[in-house]
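Asks: This is the structure I have questions about; it appears just below.
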Amino acid sequence: MTWWKTGSIYQIYPRSFQDSDGDGVGDLKGIEARLDHLVALGVDAIWISPIFVSPMHDFGYDVADYCDIDPRFGTLADFDALLAAAHARGLKLLLDFVPNHSSTDHPWFRESRSSRDNPKRDWYIWRDPAPDGGPPNNWISDFGGSAWEYDAATGQYYYHAFLKEQADLNWRNPDVRHAMMDVLRFWFDRGVDGFRIDVLWHMVKHADFPDNPANPAYRPEMGEMHAVLQSNSTDQPEVHDIAAEMRRIADGYPGDRVLIGEIYLPIEKLMHYYGIDTPEVHLPFNFQLIEAPWDARSLATMIADYEAALPPGGWPNWVLGNHDRPRIATRVGGPQARVAAMLLLTLRGTPTIYYGDELGLTDVAIPPDRVQDPRELREPGWGLGRDPVRTPMPWNASAHAGFSSAEPWLPLGPDWPTRNVAAQAADAGSMLALYRDLLSLRRKHAALAEGDFRLLETTGSVLAYERWRGDERIVVALNLSGEDQPFALPAGEVVLRTLPGGVRTDTLRGNEGVVILVR
Ligand code: GLC
């Protein structure tokens, strides 16, 4: 089986992984210096959030040059060195492709906005004002407010699904499509192993720009974007042809390059991005572990429905956290986060680990004067900000946790003197040790890495399933609550458990998870 099926992926938020030049912001040389942590952890690939030239209004998700590295992160030479160093250690490297929108500092947008008859005018989405002079329709930015920005010089509005500094490209224009496909080739030619594709389902909008319908379930704490359903501004049928073209490009390169789509959609719609007649992305990100209620019955139903919905040949994948969502240890608590790790790394499919989750990092409270995220700055106070999950990686107990020689761009969590890589590497009972053990079990047992999957019938707060390949059978049993639960463990060898101490054969203790090699 190919590496992206059996392997696991580790997401690096580059501003917060390791700083090498003392500006308090992480960089490529820093990542290179820390690759051995990832080798010791036992992951197979790293995905690095955007490192391209950017004014950083959305911290790199606003790209001003798709084919160069932002000086804060380093140079193209630093990138080549990082890629070579990763490959020398057997690690694959994925970049973050941001095709839906560019920075308004991108030369394409500057040309586009310069006049109505500029050849690049149609590279972005320009519309006349509504009859009353207001925005062309009711579409709302994901960061709040109208998604349309008026440009007085040319008398039209441009569309931005995110910040007004992130103008949406017009993917219905064939020249845009060619230029952006060339970006993929540029990095594939340099040797990258694949891409995570940012907001893939946003890329094409309804050709007539009708209003979005009101969302009957809207509550203000959800964020203003949820006041409407994005049925006309996202997930249009034409996006599938674009995803298929990206796939053809990826498949044209040797060595199993992979495309992963960031897609937040209900499951039936999500499945379409595997491709129906023509292949699209290899892995449409499955965010259900982030979104589902954390209880055994809901998770069992969700897992069964996901497995059942997969198209023939579609390979599953699982995500517990990312740079946009609360950390798992904050959502479920520290002891239960160990159970969550066991779930992520023993389900059938490719797991993606968010940096720092292997230490059990929690969301870090950000003092108001240190808030960086535009999401928080635009709609303050609802807890929508993403800074708390983007704080620096704590490496050791030295100044600034070994992350930087300077004050980091975001504060470290208060527990960094003890919750850091060096301390946990020396502690067999740590979260880091559990992650290492789980990843090493996946490598050792084909039943876990590529085997079949079947949910076992359970009651109460127990979630249990079986994985098998050939003669090898493994049972995973997880107690999703803090209370003891009756569960008859099958006969066999307990190869891993989330709690210290003996395992009873008729009970799972609160927050206990076990992996059993069945005899
Ligand atoms: C994706 C990214 C998020 C970013 C947004 C706009 O959802 O994960 O961080 O703000 O796209 O590019």
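The numbers here are math on the coordinates, done by the rules we state, and not lab data. As the structure is a computational prediction, the values presented were derived from the model and not from experiment. Neighbour counts run over all protein chains shown; Cβ positions are idealised from the backbone, glycine included.
Asks: Place a label point 7 angstrom from the Cα of ASP471 along the Cα-to-Cβ direction, then list the residues of the stretch 481-518 whose backbone nitrogen is under 20 Å away.
Replies: Residues passing the 20 Å test: 491-495, 516-518.
Asks: Could I ask something else about it? State, to one decimal in nm, how far the label point of ASP295 lies from the label point of ILE267, with both points 7 Å from Cα in the Cβ direction.
Replies: A separation of 1.8 nm, rounded to one decimal place.
Asks: Using every pair of alpha-carbon atoms in the stretch 466-519, split the distances into 10 Å bins beginning at 0 and state the percent of pairs per bin, rounded to integers.
Replies: The distribution over the stretch 466-519 is 27, 55, 17, 1, given as percents.
Asks: Turning to a different aspect of this structure: Helix-derived [θ] at 222 nm for the chain: sum -39500 (n - 2.57) over DSSP H runs of at least 4, divide by residue count, nearest 500?
Replies: Calculated at 222 nm, the ellipticity per residue is -7000 deg cm²/dmol.
Asks: Amide H to amide H under 5 Å from ILE263: which residues, 5+ apart in sequence or cross-chain, H placed 1.01 Å off N in plane?
Replies: PHE285
Asks: Okay, next question. Round to a whole angstrom and tell me the spacing of the C-alpha centers of the stretch 338-355 and the stretch 159-210.
Replies: 30
Asks: Whole percent per 10 Å bin, from 0 to the bin with the longest distance: what is P(r) over all C-alpha pairs of the stretch 1-114?
Replies: 14, 43, 29, 11, 2, 0
Asks: What value in Å³ per residue do you get for the convex hull of the alpha-carbon atoms in the stretch 185-342?
Replies: Dividing the Cα hull volume of the stretch 185-342 by its residues yields 155 Å³.
Asks: Would you work out if the stretch 114-228 is rounded, prolate or oblate? Take a ≥ b ≥ c from the square roots of the eigenvalues of the alpha-carbon gyration tensor; rounded if a/c is under 1.5, else prolate when a/b is larger than b/c, oblate otherwise.
Replies: oblate
Asks: Separate question: In angstroms, what radius of gyration and Dmax does the stretch 389-509 have, counting Cα atoms only?
Replies: 18.7, 54
Asks: Could you give the semi-axes, largest first, of the ellipsoid that matches the stretch 192-265, computed as the square roots of 5 times the alpha carbon gyration tensor eigenvalues and rounded to whole Å?
Replies: So the three semi-axes of the stretch 192-265 are 31, 15, 6 Å.
Asks: Sort HIS106, HIS206, HIS37 so that the residue with the fewest other Cβ atoms within 10 Å of its own Cβ comes first and the one with the most comes last.
Replies: HIS206, HIS37, HIS106
Asks: Checking a compactness column here: for the stretch 126-192, what do you get for Rg(Cα) / (2.2 N^0.38 Å), N being the number of residues?
Replies: Normalised Rg, Cα atoms only: 1.42.
Asks: Please report the antiparallel percentage of the DSSP beta bridges confined to the chain, to the nearest 5.
Replies: Among the beta bridges of the chain, antiparallel pairing accounts for roughly 60 percent.
Asks: As an exercise, find the ratio Rg/Rh for the stretch 378-450 from alpha-carbon atoms, using the Kirkwood inverse-distance average for Rh.
Replies: 1.13
Asks: Looking only at Cα atoms, what is the convex hull volume of the stretch 16-80 per residue, in Å³?
Replies: Cα-based convex hull of the stretch 16-80, divided per residue, equals 94 Å³.
Asks: Quick check on the stretch 327-442: take the gyration tensor over C-alpha atoms, sort the square-rooted eigenvalues as a ≥ b ≥ c, and tell me if it's rounded (a/c under 1.5), prolate or oblate.
Replies: oblate
Asks: At R0 = 25 Å, how high is the FRET efficiency between ASP117 and CYS67 if r is their beta carbon distance? Nearest 0.05 is fine.
Replies: 0.35
Asks: Something else about it: Where does the stretch 165-215 land on Rg/Rh, using Cα atoms and the Kirkwood Rh?
Replies: So for the stretch 165-215, dividing Rg by the Kirkwood Rh gives 1.08.
Asks: Could I ask something else about it? What ³J(HN,Hα) values, in whole Hz, does the Karplus curve 6.51 cos²θ - 1.76 cosθ + 1.60 give for the stretch 398-404 when θ = phi - 60°, with x put for Gly and Pro?
Replies: Per residue, the Karplus-derived 3J(HN,Hα) values read 7, 3, 6, 6, x, 6, 7 Hz.
Asks: If you don't mind, another one. On a full-extension model of 0.36 nm per residue, what is the gain between ALA488 and ALA152, subtracting their alpha-carbon distance, rounded to one decimal in nm?
Replies: 113.9 nm
Asks: Calculate the spin-label point distance for ALA130 paired with VAL495, positioning each point 7 Å from the Cα along the beta-carbon direction, and give it in nanometres.
Replies: The two pseudo-label positions are separated by 6.0 nm.
Asks: Please work out the C-alpha center-to-center distance from the stretch 497-519 to the stretch 271-295 and express it in whole Å.
Replies: Between the Cα centres of the stretch 497-519 and the stretch 271-295 lies a distance of 31 Å.
Asks: Please compute the Kirkwood hydrodynamic radius of the chain from all pairs of different C-alpha atoms, in Å with one decimal.
Replies: It is 24.0 Å.
Asks: Could you work out, for the stretch 264-312, what percent of all Cα-Cα pairs fall into each 5 Å distance bin, beginning at 0 Å and stopping at the bin that holds the largest distance?
Replies: Reading the bins upward from 0: 5, 20, 30, 23, 13, 7, 2, 1.
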